[in-house]
Amino acid sequence: MAFNVDKCKVMHVGRTNIHSKYYMNNVQLGITKEEKDLGVIVVDDLMVGQHCAYAYSKANRTLGMIRRTIRSRDIGIMLSLYKTLVRPHLEYCSSSWSPHYQKDKQLLEKVQHRFTRMIPDLRNVRYEERLQRLGLWMLEETKSI
């Protein structure tokens, strides 16, 4: 199988990397600082903030679509939609990019927080209580199960 040299790139990982030039078929490969592989954004400094922002954006847009298009606020319907359409964006491949900065964890948790406020009966209840009533866990707890 022949490689498409135009699609091949080099990512120099780490601060002490000497940034060598790489060639394939006598063509110098392009250099990239970020790449999306299997839906996970990998950055040359191996920080996950950019991927967390991407996952947050996709999940938040999906939650907004649910809010605009679904009239019923029945707990069963809303929970099913959330678990099927929104939560996978937040959990996809999390074992490989596992956020460890508090700001990244809080960003992802904002989506679930927004979802729990969409249910009228739970709007004025503490967040932890809303999660308990819906049978959900904080996203950080879900990862370890």
5 angstrom amide H check on V40, placed H, neighbours 5+ away:
none
If the chain between M65 and S96 were fully extended at 0.36 nm per residue, the gain over the current Cα-Cα distance would be 8.4 nm
Over the chain, what is the mean sequence separation of C-alpha contacts under 8 Å (at least six apart), divided by residue count, expressed as relative contact order in percent?
19 percent
From fewest to most C-beta neighbours within 10 Å, the residues Y56, Y22, Y82 line up as Y22, Y56, Y82
Of (1) 1.13; (2) 1.03; (3) 0.98, the label for Rg/Rh (Cα atoms, Kirkwood Rh) derived from the coordinates
(1)
Residue-ordered couplings for segment 15-23, obtained by feeding phi - 60° into the Karplus form 6.51 cos²θ - 1.76 cosθ + 1.60 and rounding to whole Hz (Gly and Pro as x), are 6, 8, 5, 7, 6, 5, 9, 10, 10
Once every DSSP H run of n ≥ 4 in the chain is given -39500 (n - 2.57) and the sum is divided by its residues, what mean residue ellipticity at 222 nm do you get, rounded to the nearest 500 deg cm²/dmol?
-13500 deg cm²/dmol
Would you please name the trypsin sites (Lys or Arg not before Pro) within segment 1-97 that are DSSP coil residues with at most 16 other C-beta atoms within 10 Å of their C-beta?
R15, K21, K33, R71, R73
What nm distance separates the two modelled labels at T84 and M1, each placed 7 Å from Cα along Cα→Cβ?
3.4 nm
Say R0 is 25 Å: what FRET efficiency, to the nearest 0.05, do I75 and E140 get from their beta-carbon distance?
0.60
Would you please give the residues with an amide H less than 5 Å from that of I31, counting only those at least 5 places away or on a separate chain, with H modeled from the backbone geometry?
V10
In order over segment 70-81: 3J(HN,Hα) from phi, Karplus 6.51/-1.76/1.60, θ = phi - 60°, whole Hz, x for each Gly or Pro, gives 9, 6, 5, 10, 4, 4, x, 5, 5, 5, 4, 5
Note the full-extension length gain between Q132 and V43 as 0.36 nm times their separation in residues minus their Cα-Cα distance, in nm to one decimal.
28.5 nm
Between G30, G49, G64, find the one with the highest GNM mean-square fluctuation for the chain; connect C-alpha pairs within less than 10 Å.
G30
Treat the count of other C-beta atoms within 10 Å as a stand-in for reagent exposure and order S98, S20 from fewest to most.
S20, S98
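How high is the relative contact order of segment 27-102? Use alpha-carbon pairs under 8 Å, at least six apart in sequence, and give a whole percent. The partial results should precede the final answer.
Numbers: 40 pairs, mean separation 22.9, N = 76.
Relative contact order of segment 27-102: 30 percent.
Bear in mind these aren't lab numbers, they're just calculated from the coordinates by the rules spelled out. Keep in mind the model is a prediction, meaning the values are calculated, not measured. Don't worry about glycine lacking a Cβ; one is built from the backbone with ideal geometry, like all the others, and counts go over all protein chains shown.
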